[in-house]
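The values are calculated or read from the model by the stated rules, or taken from the named source; none is laboratory data. Every value quoted in this text rests on a predicted model; they were computed, and no experiment measured them. With ideal geometry, Cβ positions are generated from the backbone for all residues, glycine too; neighbour counts draw on all protein chains shown. Note: accessible area is taken over every heavy atom of the protein model, side chains too, but ligands, DNA and RNA are not part of it. Shrake-Rupley method; radii C 1.70, N 1.55, O 1.52, S 1.80 Å.
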Amino acid sequence: MTRFDRLFEIFEGADCVLITSDINRRYFTGMKSSAGVILAFPEKAYLLIDFRYIEKARATVKDAEVIELKKLYPQLMELLKKHGTESVAIESETMTVKELNAYEHFFTDLTFVCNDSLSNAIAALRAAKDCEEIACIRKAQEIAERALEELMGFIKVGVTEREIALELNRLMFAYGAEDLSFETIVLSGANTSMPHGVPSDKKVESGDFVLMDFGAVYNGYHSDMTRTVCVGEPTEEMRKVYDIVLSAQLAGIEAAKAGILGSELDKVSRDIIEKAGYGACFGHSLGHGVGMEIHEKPNASPNYKLPLNEGAVVTVEPGIYIAGKFGVRIEDFVILTENGCENLTKSAKNLITL
């Protein structure tokens, strides 16, 4: 079955669907581009794309008829009439009000389904990764871990957070990343108490934690991991907090499986941190889905009351952040299975001192 076939198995809200977002267009066609429109019916799908991409599209796209885009609305009208269409579903999460107004102005006889039904159906498809997607995610993670392994010899007293981040990025590209999963986070010392801080010109000092949150993209799929290491000897408090975070992370991975509610998985790790007296220092959710986007459904958060589905790739990343002192986060990501999970992250998690 094609991904279009799978979509129409679970979506019945309109005669056809209009897909305009870059990410979802790539998901359904396998082609990366910054332009193009998909119009898909249960019986057939079309990709309308302009001259800049037409040659590549004709050579690579298999599950949709490729049409060179010249005048969007007239070409769409021709296809809609051909299939006797009365209603079109749009991506509510990505289409702007301005874009919707333009479509409604031109297609006055059509009903546009603007609720979340199409976006939710696509999110459900993307949440359950197939074998090809998992292979890309594995490769992305291998690139990131290989870069981290080599980076360890670079981290030392006197180098700046920015220099470490630049070297880590360089290594990921050198080992095959097509892009970074997000702007690499490298923090040291007291800066590690900021969960999503930005690398600065602060120099690493002896006794500092260095927190690194990063990932590589391979063939459109992301990896995501965080490691916290110490340059020199950590204090007893630093060791204590690190051990609490590690215990919470290991418990979360142990509990992760298809069917568990996102809120329940979050609670497993959060309870450990709260019982240790650091509940107020863990202010973000335990995890999120990873795939063609670095943050996608499903989530492992206190407010996510839905079951996590089999085949989802979800991060497990508890943290403790003590303002003005230091912070610790340890992040792996796992594939959820019926009976548990497979951890895609192989890097060591014991407290490394450099």
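Couple of notes before you dig in:
- Simple spin-label estimate for residue 2 and residue 160 in nanometres, 7 Å along Cα-Cβ: 5.1 nm
- In order along the range 285-291, the phi-based Karplus estimate (6.51 cos²θ - 1.76 cosθ + 1.60, θ = phi - 60°) of 3J(HN,Hα) comes to 6, 6, x, 8, x, 9, x Hz; Gly and Pro are listed as x.
- Potential lengthening of the chain between residue 131 and residue 52 amounts to 25.4 nm, from the contour at 0.36 nm per residue minus the alpha-carbon distance.
- Dipole size of the range 218-352 about its Cα centre, with +1 on Lys/Arg Cβ and -1 on Asp/Glu Cβ: approximately 220 debye, rounded to the nearest 20.
- Residue 348 paired with residue 86, simple spin-label distance in nm, labels 7 Å along Cα-to-beta-carbon: 6.7 nm
- Linear extension gain, residue 183 paired with residue 107, 0.36 nm per residue minus alpha-carbon span: 23.3 nm
- Listed residues 59, 164, 180: farthest to the positive end of the dipole of the chain (Cβ charges): 164
- Sum of -39500 (n - 2.57) over DSSP H runs of 4+, divided by residues of the chain (222 nm, nearest 500): -11500 deg cm²/dmol
- Legend: helices of the chain (whole DSSP H runs) are marked when their alpha-carbon atoms reach 27 angstrom or more along the helix axis and their mean Kyte-Doolittle hydropathy is at least -0.5; marked are 131-151, 236-255.
- Selected from 207, 252, 73, residue furthest toward positive end of dipole (the chain; charges at beta carbon): 207
- Dipole magnitude (debye, nearest 20) for the chain, charges at Cβ of Lys, Arg, Asp, Glu: 380 debye
- Here the spin labels are modelled as points 7 Å beyond Cα on the Cα-Cβ line, and at residue 152 and residue 72 they lie 5.0 nm apart.
- Surface exposure of the range 1-158, expressed per residue as accessible area with a 1.4 Å probe, stands at 52 Å².
- Candidate aspartates and glutamates for bridging to residue 62, where Cα separation is under 16 Å - those fewer than 8 sequence places away on the same chain excluded: 5, 43, 132
- Karplus-derived 3J(HN,Hα), 6.51/-1.76/1.60, for each residue of the range 205-210, Hz, glycine and proline x: 10, 4, x, 7, 6, 10
- The gain in end-to-end length when the residue 32 to residue 338 segment is fully stretched comes to 106.9 nm, 0.36 nm per residue minus the alpha carbon separation.
- Take 240-249, 275-284, 10-19 and order them by the average number of nearby Cβ atoms within 10 Å per residue, most first; the result is 240-249, 10-19, 275-284.
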